[in-house]
Amino acid sequence: MITDASHAGIETARKAYERKDYAAALSEFNVLATHNHAEALSILSIMYLNGEGVPRAVQKTIGYATKAYKNGDDGGLSLLAMICLSFKAGVRDKEKGLQYLRTGMAKAEQNSLEHLAHLLVEGLEVSQDFDSAFNYDEKAANRYQSVPAAQAMRERAGAWAWPPMKAAQSRSIMVPRPTGIAEPS
């Protein structure tokens, strides 16, 4: 349950995090985490993944991301997926990572949709598929509440698809152009 005190605490923690005052952010997020505040748990997982004000700790990252998801932050799913699919994190479990993404997609969780779109564009862990990538990025864009954010997402989806397609076309390989993308000038 979000109280006025937890709302004030998360705002204070966010501001500290944004100005890179990681000691203050960590203190505030830890207090909120003891009350299972989903957003605080999610941001703590990111801090431990990136080593922001704390030593990098993949197991803590996984623990906080899991608790964040269990407490209502679906973004924890995409973070868990990226950890499982990443060589960098030292944890490698392709099937588990893809399962986290599938679960996130079923919930139409924006970050999971974005991550899957990226994997499809790059051909990482899945077959390269520009049409599907564009469709998943469009779904992610539709999750945004603001029109400018959604427009930026759509522009990024178009930018993602064009460079690989142009490279393929220069080698006389036919790659279907995703619908809804204007020809770049």
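Where a number appears in this text, it was derived from the coordinates with a stated rule and is not lab data. Everything quoted here is computed from the prediction, not taken from an experiment. Here the Cβ positions follow ideal geometry from the backbone for every residue, glycine too, while neighbour counts run over all protein chains shown.
Summary table below
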{"quantity": "Tensor-based shape of region 1-126 (alpha-carbon gyration tensor, a/c under 1.5 rounded, otherwise prolate or oblate)", "calculated": "prolate"}
{"quantity": "Sorted peptide list for 37-48, 9-20, 94-105, criterion being average Cβ within 10 angstrom, highest first", "calculated": "37-48, 94-105, 9-20"}
{"quantity": "Sequence ranges 64-75, 24-35, ranked by mean other-Cβ count within 10 angstrom, highest first", "calculated": "64-75, 24-35"}
{"quantity": "Sites residue 125 and residue 8 - FRET efficiency at Förster radius 45 Å, r taken between beta-carbons, to 0.05", "calculated": "0.65"}
